[in-house]
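Engineer: One structure is given below, represented as structure tokens, and several questions about it will come after.
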Amino acid sequence: MRRGTPGARTFVSSIRTVTPESRLLMQQIRVLSAADVRSAVDMPEAIDAMREAFASVSSGDAVVPVRVGLDSGHGVHLFMPSLLRRAATAGVKVVSVNPGNAKRGLPAVHAVVLLLDPETGRALAIMDGTWLTALRTGAAGGLAADLLAHADASVVALFGAGVQARTQLQAMRCVRAVREVRIVSKTGASAEALAEELEGEENLRVVRTQDRSAALRGAHVVIAATDSPTPVFDGALVEPGTHVTAVGAFTPAMREVDSELVRRALVVVDQREAALAEAGDLIGPLREGAVPEDFIAAELGEIVAGTHPGRTSGDELTLFKSVGNAAQDVAVASRVLARARERGLGTVLEM
């Protein structure tokens, strides 16, 4: 049937007609780009959202199944759902990690987040999850540092110089007055770029070094945000009273920190079940017999809620190990959607 014929016009007209009854069956979904996500929520608000997320996980308010991973042969696709009952929001993040993408000129990580109305089941928004993942991971580390690092912590040893390392440092600077950053990275270009960005800032000393022992000496906070399969520093050299955040390793085969550090530290995790299923940093020491079965002291949400004290002495070495969970993504995505509605961000589509 040609479009010029009367029959074709009638057909096109009929499919464009939206009756009151059919509109009730349609749903509006807001599509938000990476730029929309960036402009909607900043790091301080993301840290606040992490307080909500972790408290929900540890109180049982959140439903957070252990993520499902599918190996494509080129990388891994992770499916991460969550329901936050008190916040009345639900969603799922789908994230793909493909190391070979660098050869294609593409980011190694791609992600999207779908938000749902838990009462009606309607899709509310779909948004870029790549920046959101970096933001919420950084915010989790910032919250952990706020709860576990000394109040006057000012020297940071940063292992890694990629996106995750940058957001960890950004969050750390939101909760503590950082005066010195020591960057240790195997990738010279990214470390140089980060150092150049930071060197122009007032009251901040920036040091690039490959001497890992020197980087640890006198550091108040150590951040590991790399893709290394083996420990990136000697845990015996981390000084008493230091706080360590480890966020790069997210599979049983990856280990950024060694058994000695885990043995010495007060270990705090985002979620016990996920950490013991996915964190090679913790699974390794447990298999080796370096730590007892009950070596995890607390979930971060328990410290937020005050049911666990966290650091109990000035000399205590603390470790926050995060593999990430969907409650974090849904909590931040919910904030993003609220701000997007207020400011008219994104594109609203009818489906």
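Engineer: Give the shape of segment 85-154 as rounded, prolate or oblate, defined through the alpha-carbon gyration tensor: a ≥ b ≥ c are the square roots of its eigenvalues, a/c under 1.5 means rounded, and otherwise the shape is prolate if a/b is larger than b/c and oblate if not.
Structural biologist: Note, shape of segment 85-154 comes out oblate.
Engineer: Give the share of C-alpha pairs in each 5 angstrom bin for segment 137-325, from 0 to the last occupied bin, in whole percents, shortest bins first.
Structural biologist: The percentages, shortest bin first, are 1, 9, 18, 23, 23, 15, 8, 3, 1, 0.
Engineer: So, one more: Between residue 35 and residue 66, what length in nm is gained on full extension when 0.36 nm per residue of separation is reduced by their alpha carbon distance?
Structural biologist: Full-extension gain reported as 8.2 nm.
Engineer: Here's something else I'd like to know. Mark the label point 7 Å from the Cα of residue 180 along Cα→Cβ and return the residues of segment 213-249 whose backbone N is within less than 16 Å of it.
Structural biologist: The answer is 213-223, 238-240, 242-243, whose backbone nitrogens lie closer than 16 Å to the label point.
Engineer: Charges at C-beta only: +1 for Lys and Arg, -1 for Asp and Glu. How large is the resulting dipole of segment 189-288 about its Cα centre, in Debye rounded to 20?
Structural biologist: 460 debye
Engineer: Rounding to the nearest 10 and keeping the result within 0 to 90°, find how far the Cα-based axis of helix 163-175 lies from the longest principal axis of the chain.
Structural biologist: Long axis of 163-175 versus the principal axis of the chain: about 70 degrees.
Engineer: Ok, one more. Calculate the dipole size of the chain relative to its Cα centre from +1 charges on Lys and Arg beta carbons and -1 charges on Asp and Glu beta carbons; express the result in debye to the nearest 20.
Structural biologist: Magnitude of the dipole: close to 1580 debye.
Engineer: Give the Debye-formula value of log10 I(q)/I(0) at each listed q (0.07, 0.15 Å⁻¹), with one equal scatterer per alpha carbon of the chain, two decimals each.
Structural biologist: Calculated log10 I(q)/I(0) at the listed q: -0.33, -1.30.
Engineer: If one puts a single equal scatterer on every Cα of segment 98-220 and applies the Debye formula without solvent, what log₁₀ I(q)/I(0) results at q = 0.20, 0.23 Å⁻¹?
Structural biologist: Scattering profile of segment 98-220, log10 relative to I(0): -1.15, -1.35.
Engineer: Determine the principal axes of the Cα atoms in segment 238-288, then give the extent along each, sorted from largest to smallest and rounded to whole angstroms.
Structural biologist: Its Cα atoms span 28, 22, 17 Å along the three principal axes.
Engineer: Oh, and also: For residue 187 and residue 287, calculate 0.36 nm times their separation in residues minus their Cα-Cα distance, and state this gained length in nm to one decimal.
Structural biologist: 32.9 nm
Engineer: Listed highest first by mean packing, meaning other Cβ atoms within 10 Å per residue, what order do 117-127, 314-324, 218-228, 339-349 come in?
Structural biologist: 218-228, 314-324, 117-127, 339-349
Engineer: Helix 43-59 sits at what angle to the longest principal axis of the chain, using alpha carbons and giving 0 to 90 degrees rounded to 10?
Structural biologist: Taking the Cα atoms of the chain, the angle to 43-59 is about 90 degrees.
Engineer: Please compute the alpha carbon radius of gyration of segment 187-238, then divide it by the globular-protein estimate 2.2 N^0.38 Å. Two decimals is fine.
Structural biologist: The reported ratio for this selection is 1.25.
Engineer: Classify segment 231-336 as rounded, prolate or oblate from the Cα gyration tensor: take a ≥ b ≥ c as the square roots of its eigenvalues, call it rounded if a/c is under 1.5, otherwise prolate when a/b beats b/c and oblate if not.
Structural biologist: Since a/c reaches 1.5 but b/c is at least a/b, the shape of segment 231-336 is classed as oblate.
Engineer: Starting with the highest mean, order 242-250, 180-188, 276-284, 105-113 by the number of other Cβ atoms within 10 Å, averaged over the residues of each peptide.
Structural biologist: 242-250, 276-284, 180-188, 105-113
Engineer: Sticking with this one: Take the Cα radius of gyration of segment 195-284 and divide it by 2.2 N^0.38 Å, with N its residue count; two decimals is plenty.
Structural biologist: Dividing the Cα Rg of segment 195-284 by 2.2 N^0.38 Å gives 1.18.
Engineer: A follow-up question, please. For segment 144-195 and segment 275-351, compute the distance between their C-alpha centroids and round to whole Å.
Structural biologist: 18 Å
Engineer: Right, here's the next one. Cα axis of helix 188-199 to longest principal axis of the chain: angle in degrees, 0 to 90, nearest 10?
Structural biologist: In the chain, helix 188-199 runs at an angle near 90 degrees to the longest axis.
Engineer: Sticking with this structure for a sec: How long is the gain from residue 349 to residue 312 if the chain were fully straight, where each residue apart is worth 0.36 nm and the alpha carbon distance is subtracted? Please list the in-between numbers first.
Structural biologist: Numbers: separation 37, 0.36 × 37 = 13.32 nm, distance 5.18 nm.
Computed gain between residue 349 and residue 312 is 8.1 nm.
Every read-out reported here was derived from the displayed coordinates using simple, explicitly stated rules and does not represent laboratory data. Worth saying up front: this structure is predicted, and the values here are computed from it rather than measured. Positions of Cβ are backbone-derived with ideal geometry, glycine not excepted, and every protein chain shown enters the neighbour counts.
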